[in-house]
Amino acid sequence: MTSKLEVTSELLLKYPFTKEAKAILRNENKTLKEVLLNYPEIIGKVREKIFSVLHGGRAYFREEEKNYLDFLSYPLVLAVIYKVNDENLLLKFAVAESKRLFLKLMNEREEIVLKMANETFNLPVLRDQETNWGEKFIAKKYYVPMEKYLAYSKKFRDTSWKLINRNLMKGFVELNKRELIRLISEAYKVKIIEGERNVEVPKELETLVSELKEKIAREKFLKGAKHFIKRDKSLPPCIQELLEKAKKGFDLSHVERLVIATFLLNRGYDIEETVKVFSELPDFSEEKTRYQVEHLSGLKGSKTKYSPPSCETLKAYGICRKDESCKNVKHPLQYK
Amino acid sequence: MNGEKKLIKKFFHEYFKKNKKLIKYPDEIERREFGFTFYQKPGMYRHISFNSLKELTEFLEWNTPINSHYSSAFFKNPAEREMEKKGWIGAEIVFDIDADHLSIPKDAFSFTWKCNKCGESGFGRKEKCSSCGSYSTSLVFWPNTKNLREAKKEAEKVLFNFLMEDFGLNEKDLLVNFSGQRGYHIHLKKKSFYKLKQKERREILDYLKGVGWKYDLWFRKRGEVVYGPGVFDPGWKGIIARSYSELLSRKEKLTELEISKRKIEEMREKSSLIKNNLQEKPAIWSNESFKLTKKEIGKIVESLLRKNRCSIDETVALDLKKLIRIPNTLHGKTGFQVKTVQIEDLDMFNPLKEAVLETDESVKIKTGIIPEIDLKGEKIGPYKFEEVEVPLSTAVLFILKGEAKLSEPRN
Ligand code: SF4
Ligand SMILES: [Zn+2]
């Protein structure tokens, strides 16, 4: 379909996921291990890239990749991300990469775009130079097989992608340049997400893998905690304020922590949920907190389940925030 | 074994014995799951697999299932019971066109009813028993030339307007079967479609059903002129424009468009002008000499979509592991052949002639309630508790419907 193309190495540096780029990597550097051996500074590069993906992908997105080190780091970044095995991180990476590819291809030569579609994404594209639709309608048209179109466009929500709104003839869907490139970028996203995940990660990058795993686990944990506080509306004002403080990461006093934990446990929250409430505290240690909460719940130590202090005691500690809703309440657990 | 059961078993056995060569499908047989039902045995026996067509045809001959199904899907381990263990590889897409789902007049159907409470029965569709007043009645569906003709028309529409034209499929990508009772199955056998999952299949179905069009994507306003679909356009746009143009040629049909009488009157007067506009590139839908509002255009398109869309059973097309009748086996409620029809023969195909087995034998039976049926070009019935002698295949149909018994025991 496309003529044989003299592909410059600069082009390959831009698209490190193509077959040719992979071949070059294979020829020049053999294995990921050797890449690391020859360019030890690449570890920092890989780390930096993944962290920028993790934090929204913006930085990674903007970055211009012209140098060889960036090119070499691509398979390492992918290997680490597969190894971390977090769907969210993988998706973030795939989306960022796909957006980046879209921007690059919009400024790319047509023959390069079509060659890449066909060879890297198995998406054969026919083109048509005729503009027999009147000058205002369509300048240039491309055609892709409908089954590929369906597979790659299925995540697109806009009704303009519905087949009924397309020109479909003899199994080919008509696209303009922008749409074609959008489809190719999506194919790239799918390729990353559905790629072979059983990649060896060189030893030198294993620390990065575990660092990422821990970070992601912790972030998930924190998210869970934020989620949970919102859902309970029947909290007395004193407790509400304490939870608010906990959420914001205030350094709570021992008594304050005790009040929260005993209150929640007596209201039927489980250990896990109660521990999560403290996860934003500056000195938070999951292990320690769990131990204390278990103790208060009667699971450990004295085997007695502790109750929160009475309103009077709370007043003495300056924790009470009595308002109208507290009418006749003598003990926070009475609050409805 | 009672006489009827013997007769049914023998009928199916003989058929499978003599017609092994007709059973050529499914392909990649070792990747398919099979499921069968047997006469007067409840439930379906499924999760069965075969290594070759020979194994399958021998199974059919010796076990005489009355309904034989295979999975449209290909599995790594088709005989496993749990889906995860089966290992889905891909699946044909099968379009089920059933007279039941078409909007055709009720008199194109033949029913008899039976009261589940007192056993009373009669012709037609009845929800309330005329004898005891119970609402627990069951309907017996009888083959009927009229609704089968409608189902065939629908199948032809799906094939010719959509699958072959828009999807570009040819005869070797498609397999068409009479379903054995009231419709047709169209199998899409093109390998590159097998991997498509539910979402993509839903989109194909939406296309065939004419779902999801958007005005702004079909029409553009430039000054006073509204440009839109033209008769030379591909896909749905072309179908709509041509259908519109056709109505304009047969002016009495214009009332099918749900717009005001006054507007239809104007359309009649200006029909040749409007038709010419539809041939422009881009086609013109509204201009100074014939004005349509956005709302009117919307109504016209909607009416034409309704007229041209396909009626296809959704569950069959979307189910990635659906069991489908094996082509050229027999249907357990009729004894008719689930006959493969060549696309070029579809036009002349009459299932009540060609899918009814040829038999020399005739059988004496006592009937229940049976409406008039056109079988093999002859009118049979109606019968109401009569003793008659009919061809074997007719007797089989009546027995399978539960509306006949043998007059005398046979061997
Ligand atoms: S007054 Fe008592 S019940 Fe009301 S908020 Fe303060 S402590 Fe809780
Ligand atoms: Zn009754």
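The values are calculated or read from the model by the stated rules, or taken from the named source; none is laboratory data. Worth saying up front: this structure is predicted, and the values here are computed from it rather than measured. Every residue, glycine as well, gets a Cβ built from its backbone with ideal geometry; the counts of neighbours run over all protein chains shown.
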Out of (1) over 24 Å from B:PRO65 (Cα atoms); (2) at pLDDT 95 or above, the odd one out for B:GLY368 is which? (2)
Could you count how many residues in the range A:146-170 are more than 7 Å from chain B (Cβ to nearest Cβ), of a type outside the set (Gly, Ala, Ser) and closer than 20 Å to B:LYS191 by Cα? 3
I need a count of the residues in the range A:186-208 that are surrounded by 13 or more Cβ atoms within 10 Å (Cβ to Cβ) and either within 12 Å of another protein chain (Cβ to nearest Cβ) or among the β-branched types (Val, Ile, Thr) (or both). 5
Residue tally, condition out of contact with any Leu (no Cβ under 6 Å at 6 or more places or on another chain) and either outside any loop (DSSP other than H, G, I, E, B) or polar (S, T, N, Q) (or both), over the range A:266-295: 17
Here are A:LEU183, A:LEU235: which of them is assigned to a helix (DSSP H, G or I) and either away from every other protein chain (no Cβ under 14 Å) or modelled with pLDDT of 90 or more (or both)? A:LEU183
Could you check A:LEU114 against (1) modelled with pLDDT under 90; (2) within 25 Å of the chain's Cα centre (by Cα); (3) surrounded by 17 or more Cβ atoms within 10 Å (Cβ to Cβ) and say which number it fails? (2)
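Every residue, every condition in (1) touching a Leu at 6+ places or on another chain (Cβ under 9 Å); (2) surrounded by fewer than 16 Cβ atoms within 10 Å (Cβ to Cβ); (3) in a loop (DSSP other than H, G, I, E, B), yes or no:
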| site | (1), (2), (3) |
| --- | --- |
| B:LYS321 | no, yes, yes |
| B:ILE324 | no, no, no |
| B:PRO327 | yes, no, yes |
| B:GLY332 | yes, no, yes |
| B:GLY335 | yes, no, yes |
| B:LYS353 | yes, yes, no |
Does B:LYS86 meet the test of being away from chain A (no Cβ under 14 Å) and either within 16 Å of ligand 1 (Cβ to nearest atom) or buried (at least 18 other Cβ atoms within 10 Å of the Cβ) (or both)? yes
Residue among B:GLU127, B:GLU156, B:GLU165 that alone is more than 16 Å from ligand 1 (Cβ to nearest atom), part of a helix (DSSP H, G or I) and away from chain A (no Cβ under 14 Å): B:GLU156
Considering only the range B:173-188, state which residues are within 14 Å of chain A (Cβ to nearest Cβ) and charged (D, E, K, R). B:ASP173
Selection count where residues are within 8 Å of another protein chain (Cβ to nearest Cβ) and in contact with an Asp or Glu (Cβ under 8 Å, 6 or more places away or on another chain), scope the range B:208-224: 1
I'd like the full set of residues that are in contact with a helix residue (DSSP H, G or I) (Cβ under 8 Å, 6 or more places away or on another chain) and of a type in the set (Val, Ile, Thr), limited to the range A:292-325. A:VAL293, A:ILE319
Condition broken by A:TYR306, with the remaining ones in (1) closer than 21 Å to A:SER234 by Cβ; (2) within 10 Å of ligand 1 (Cβ to nearest atom) satisfied: (2)
Wholly within the range B:1-86, strands (runs of 3 or more DSSP E) carrying at least 1 residues that are in contact (Cβ under 8 Å) with a residue 60 or more places away in the chain and in contact with a helix residue (DSSP H, G or I) (Cβ under 7 Å, 6 or more places away or on another chain): B:67-71, B:73-75
Can you confirm whether B:ILE274 is surrounded by 17 or more Cβ atoms within 10 Å (Cβ to Cβ) and part of a helix (DSSP H, G or I)? yes
Anything in the range B:383-411 that is under 26 Å from the mean Cα position of the chain (by Cα) and either surrounded by fewer than 18 Cβ atoms within 10 Å (Cβ to Cβ) or β-branched (Val, Ile, Thr) (or both)? List them, or say none. B:THR394, B:VAL396, B:ILE399, B:GLY402
Which condition number does B:VAL363 fail, the rest of (1) crowded, with 18+ Cβ neighbours inside 10 Å; (2) touching an Asp or Glu at 6+ places or on another chain (Cβ under 9 Å); (3) assigned to a helix (DSSP H, G or I); (4) not basic (Lys, Arg) being met? (3)
Test each condition in (1) more than 30 Å from B:SER72 (Cβ to Cβ); (2) crowded, with 21+ Cβ neighbours inside 10 Å; (3) within 10 Å of chain A (Cβ to nearest Cβ) for B:TRP236 and report the one that comes out false. (1)
Could you list, in sequence order, all residues of the range A:15-45 that are over 20 Å from A:PHE121 (Cβ atoms), hydroxyl-bearing (Ser, Thr, Tyr) and at pLDDT 75 or above? A:TYR39
Would you mention how many residues in the range A:309-323 are part of a helix (DSSP H, G or I) and either of a type in the set (Val, Ile, Thr) or more than 10 Å from ligand 1 (Cβ to nearest atom) (or both)? 2
